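Quick notes on the structure that follows.
The values are calculated or read from the model by the stated rules, or taken from the named source; none is laboratory data. What you see is a predicted model; the values in this text were computed from it and never measured. Ideal geometry is used to build each Cβ from the backbone, glycine not excepted, and the neighbour counts take in all protein chains shown. Surface accessibility is based on the protein's heavy atoms, side chains included, excluding ligands, DNA and RNA. Shrake-Rupley method; radii C 1.70, N 1.55, O 1.52, S 1.80 Å.
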Amino acid sequence: MNANPALASVLASLSAGTVYDLAQTLQTGMACSPNHPGFRLALQRRHGDQNRADGTSSASELIITGGHVGTHIDALSHFSDGGCLHGGVDAAGAQQTGRFTTHGAETIPPFLCRGVLLDVAANAGVEVLDPGAPVDAATLQAAAASAGVEVRAGDVVVIRTGWSRYFSDPQRFLGLHDGVPGITTDAATWLADRGVVAVGGDTTSVEQIPAGQGHSLLPVHRLLLVERGIYLLEMLDLEKLAADKVAEFLFVAIPLKILGGTGSPLRPLAVTAQ
């Protein structure tokens with residue numbers, strides 16, 4: 001049977017390209033929002049604990065983690081406003097069974113679509129934005145123009161502030177006292193109006209966290225998740241992608257089908273054809 005010529009062309013193009021891993025490594029003690037239980041891994045069985053007759057043994061672990069730890073995606077059940085989830089769904093009613101019966105993590109679709117990197121740090125001429133720096137719509141437009149890309153309907157847009165360079169320093173990365181750079185509601189509206197399906201960033205929450213505020217208010221979460229039904233991807237590693245000045249790529253990500261969950265760990269990829 002002859003292979004599909006179009007498929008063969010696509011596969012040949014991708015095989016000659018580059019794959020960028022956009023996920024942070026999951027490890028005990030890594031940065032985690034105080035709103036969520038952290039990640040823990042412990043060996044439940046070690047090699048040598050139980051040897052088989054042929055001399056072999058196996059090891060296995062116990063993993064405990066919140067759904068919003070490390071690189072992850074927020075389901076639409078993650079945020080409510082006035083007691084309602086996206087689409088006016090009653091949040092209290094949807095969570096009565098101990099897991100969400102509407103907008104759970106299992107409903108998050110796989111992503112195989114165009115991705116766009118807006119490198120606002122590089123466009124500002126810095127390696128990392130200042131703590132608590134706002135990224136507004138004009139800033140995103142300027143970054144897009146500088147990169148020569150246009151944000152389109154169906155895109156996943158990822159925004160680089162450079163903040164992931166502090167991921168190994170949890171206290172600094174969380175920015176509970178000094179703040180964290182990120183998008184404002186103005187920027188979120190600009191993205192939503194262009195029909196994006198998801199917005200990602202290299203910080204704990206994608207959105208701006210002013211100094212001393214922590215996660216007490218998250219207006220971008222309300223706007224994107226509740227009002228517009230747009231997913232949020234948090235704690236991405238965009239450094240290699242930015243270093244190679246890749247602004248447009250194939251975005252691939254497969255969330256775990258966690259029934260009734262509010263988020264899912266994620267290992268997103270950016271794939272370039274050349």
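Some values worked out for this structure:
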| read-out | value |
| --- | --- |
| Tally of residues being under 23 Å from Glu234 (Cα atoms) and open to solvent by 30 Å² or more (accessible area, probe 1.4 Å) across segment 71-86 | 6 |
| Selected residue [out of contact with any His (no Cβ under 6 Å at 6 or more places or on another chain), open to solvent by less than 30 Å² (accessible area, probe 1.4 Å), in a helix (DSSP H, G or I) and not basic (Lys, Arg)] from Leu233, Leu223 | Leu223 |
| All positions within segment 87-107 that are within 21 Å of Leu223 (Cα to Cα), among the β-branched types (Val, Ile, Thr) and open to solvent by 50 Å² or more (accessible area, probe 1.4 Å) | Thr107 |
| Residue match in segment 191-213 (condition: farther than 16 Å from Val158 by Cα and open to solvent by less than 10 Å² (accessible area, probe 1.4 Å)) | yes |
| Any hit, segment 109-123, residues being open to solvent by 60 Å² or more (accessible area, probe 1.4 Å) and either at pLDDT below 95 or of a type in the set (Asp, Glu) (or both) | no |
| Residue list for segment 9-59, restricted to those being more than 16 Å from Glu234 (Cα to Cα), open to solvent by less than 50 Å² (accessible area, probe 1.4 Å) and at pLDDT below 90 | Ser13, Gly17 |
| Residues (of a type in the set (Gly, Ala, Ser) and in contact with a strand residue (DSSP E or B) (Cβ under 9 Å, 6 or more places away or on another chain)) located in segment 108-136 | Gly115, Ala121, Ala122, Gly132, Ala133 |
| Which numbered condition His177 fails, given (1) surrounded by fewer than 24 Cβ atoms within 10 Å (Cβ to Cβ); (2) within 19 Å of the chain's Cα centre (by Cα) | (2) |
| Top-ranked residue of segment 129-165 - restricted to ones that are open to solvent by 30 Å² or more (accessible area, probe 1.4 Å) and touching a residue at least 60 places away in the same chain (Cβ under 8 Å), ranked as nearest to Arg228 (Cα to Cα) | Pro134 |
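Every residue, every condition in (1) out of contact with any helix residue (DSSP H, G or I) (no Cβ under 8 Å at 6 or more places or on another chain); (2) over 21 Å from His72 (Cα atoms), yes or no:
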{"site": "Val149", "(1), (2)": "yes, yes"}
{"site": "Ala153", "(1), (2)": "yes, yes"}
{"site": "Val156", "(1), (2)": "yes, no"}
{"site": "Thr161", "(1), (2)": "no, no"}
